[in-house]
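Accompanying notes for the structure given below.
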Amino acid sequence: TIQYILVLAAAYFIGAVPFGFLIARSKGIDLRKVGSGNIGATNLGRALGKKWAVVCFFLDVAKGLIPVLAGRALVTENPTALELLQWMTIGCAAVLGHIYPVYIGFKGGKGVATSLGFVLGIWPYLTIPGFIGFAVWLATLKISHYVSLSSILAAIIMPIILACGIIILDEWKIENLWPLIVISTLMAMLITYRHRDNLKRIAAGTETRVFEGKEKRN
Ligand code: NKO
């Protein structure tokens, strides 16, 4: 339907707003030339400190959260697989907007915070998995001290957490829920792919590590 296509396009254009890049630029910094060169919260933190990293994180989460919350209006109380697929692709559009933003030459972020927003937006049933994913991210960071590895692990685990949530909550018809698993798996794969340089650095022992909030280069 036309309504769906409009929401899909809106989600992309919202997702494409490069908050990290814009905040850095407002301070006269080109974020692409700092640290990892990424436009996400982590790299903004390198350039401007923790406070701005948190601001950027919430804004990037909102880019996934708001379109998915809005898309809730397009599905019925007990969604069919097609309705669910449509809803999930709205979240996808926001994440793809963040990763491939039209405004800055399609060179965007890694999709972590925005896909967290997407998962949190699968309201009201599956919001808890988003918080569990965040807890996995925090725990991995505490143990490994790698931000990138934490993001990859949280993303890869998310389809499994969602599957468990579906089974435990038992709210929707289980045979209709495959779009949720398929889309979150594809997203986890894309997030991992976007971290390929980080993975190379981890293998080479050159990825920076975070100790008690402070970053150390090996
Ligand atoms: O600059 O390459 P860098 O070191 O900055 O940055 C690597 C980093 C990039 O990502 C970010 C965003 C940080 C967000 C932290 C909160 C993460 C919560 C994890 C939940 C993941 C849910 C994924 C759902 C997939 C379907 O990694």
task: Restrict the search to the range 160-218; then list the trypsin sites (Lys or Arg not before Pro) that DSSP places in a loop and that have at most 15 other Cβ atoms within 10 Å of their Cβ.
output: 173, 217
- prompt: How would you rank 66-72, 148-154, highest first, on the average number of other Cβ atoms within 10 Å across their residues?
  reply: 148-154, 66-72
- request: Treating the angle as unsigned and between 0 and 90°, give the value, to the nearest 10°, between the Cα long axis of helix 178-194 and the longest Cα principal axis of the chain.
  value: 10
message: Let's see if you can work this out: charge +1 on each Lys and Arg Cβ, -1 on each Asp and Glu Cβ, no other charges. What is the dipole magnitude of the range 103-207 about its Cα centre, in debye to the nearest 20?
response: 480
query: How large, in percent, is the carbon and sulfur part of the accessible surface of the chain at a probe radius of 1.4 Å?
result: 70
task: Express in whole angstrom the spacing between the alpha-carbon centres of the range 11-54 and the range 133-192.
output: 25
field: Test item: Cα-centred dipole of the chain, Lys/Arg +1 and Asp/Glu -1 on Cβ, debye
entry: 1280
message: Test of understanding: in a Gaussian network model of the chain with alpha carbons linked when under 10 Å, which of 191, 166, 90 would top the mean-square fluctuation ranking?
response: 166
- prompt: Once every DSSP H run of n ≥ 4 in the chain is given -39500 (n - 2.57) and the sum is divided by its residues, what mean residue ellipticity at 222 nm do you get, rounded to the nearest 500 deg cm²/dmol?
  reply: -22000 deg cm²/dmol
message: Assuming 0.36 nm per residue, please report the length gained on full extension of the stretch residue 27 to residue 160 beyond their Cα-Cα distance.
response: 43.9 nm
- line: Per the charge dipole of the chain (beta-carbon charges, Lys/Arg positive, Asp/Glu negative, Cα centre), the residue among 88, 141, 165 reaching farthest to the positive end is 141
task: Just name one of 49, 73, 62: the one whose Cα is farthest towards the positive end of the charge dipole of the range 45-91 (beta-carbon charges, Lys/Arg +1, Asp/Glu -1).
output: 49
- request: State the number of lysine pairs found in the chain whose Cα atoms come within less than 21 Å, restricting to pairs 8 or more positions apart or on distinct chains.
  value: 29
field: Theoretical FRET efficiency, 1/(1+(r/R0)^6), r = Cβ-Cβ of residue 54 and residue 199, R0 25 Å, to 0.05
entry: 0.45
Å² per residue, accessible surface of the range 13-98 at 1.4 Å: 43
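The values are calculated or read from the model by the stated rules, or taken from the named source; none is laboratory data. These figures come from a predicted structure and were not determined experimentally. Glycine also receives a Cβ, built like all others from the backbone with ideal geometry; neighbour counts cover every protein chain displayed. Protein only, heavy atoms only, side chains kept; ligands, DNA and RNA dropped before computing areas. Shrake-Rupley method; radii C 1.70, N 1.55, O 1.52, S 1.80 Å.
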